[in-house]
Amino acid sequence: MPIQSHTVSFSPDGKSVRVRPGTTLLAAARSAGVRIPVRCEGRMGCLMCKVTVESEGAGVSPPAEAERRKLGTSLESGIRLACQAKVCGETSVVTPEDPLKRAVRLQLERQKDEEDDFWA
């Protein structure tokens, strides 16, 4: 019998990976080469691994009580802890943008806007 696996897609990185059911989103991200920052090595201590699961949480396990307490109303927005949410179907995940990449992107956008205004 073939081993069951599911695709997890990560944006904005544009990377995907096939993993076995029960794999955490953090482990899936690492397999795909997607960086999700953590300090607690996946023990739900730092809360740094927040990601957004698209399609109302489709494809991931429901949050356990401990994750519910930690995230509270953020769960309603699709926010999950990558170290706790486990893959149980096809899913798409939005990871936080790296702060340095974000700063560079915003600076480039400002420069482009200034150039457009100058030449307009």
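Among 78, 14, 59, whose mean-square fluctuation peaks in a Gaussian network model of the chain (Cα, cutoff 10 Å)? Largest GNM mean-square fluctuation: 14. With neighbour counts taken as other beta-carbon atoms within 10 Å, the residues 36, 79 rank, fewest first, as 79, 36. In the calculated pair-distance distribution of region 6-119, the portion above 18 angstrom amounts to 52 percent of the Cα-Cα pairs. Amide H to amide H, with H built 1.01 Å from N, residue 48 comes under 5 Å of 39, counting only residues 5 or more places away or on other chains. For the chain, the share of DSSP beta bridges that are antiparallel, to the nearest 5, is 75%. The angle between the Cα long axis of helix 99-119 and the longest principal axis of the Cα atoms of the chain comes to about 30 degrees, rounded to the nearest 10.
Using θ = phi - 60° in the Karplus curve 6.51 cos²θ - 1.76 cosθ + 1.60, the 3J(HN,Hα) couplings for region 66-83 round to 4, 5, 4, 5, 5, 9, x, 6, 4, 4, 5, 8, x, 6, 9, 8, 4, 6 Hz; x is entered for Gly and Pro.
Lysine pairs in the chain 8 or more apart or on different chains: how many have alpha carbons under 22 angstrom apart? Write out the running numbers ahead of the final one.
Numbers: 15/50; 15/86; 15/101; 50/70; 50/86; 50/101; 70/86; 101/112.
Count of close lysine pairs: 8.
Taking DSSP loops as anything outside H, G, I, E and B, show the longest stretch in the chain free of trypsin sites (Lys or Arg not before Pro) there with at most 14 other beta carbons within 10 Å. Please list the in-between numbers first.
Details: sites that count: 35, 39, 43.
Free of exposed loop sites, the longest segment is 44-120.
Around the amide H of residue 11, modelled in the peptide plane, lie the amide H atoms of 93, 94, 95, all under 5 Å away and 5 or more residues distant in sequence or on another chain.
Every number here is computed from the coordinates shown, using simple stated rules; none is lab data. Computed from a predicted model, the values in this text were never measured in an experiment. Heads up, the Cβs are rebuilt from the backbone with ideal geometry, glycines too, and the neighbour counts pull from every protein chain shown.
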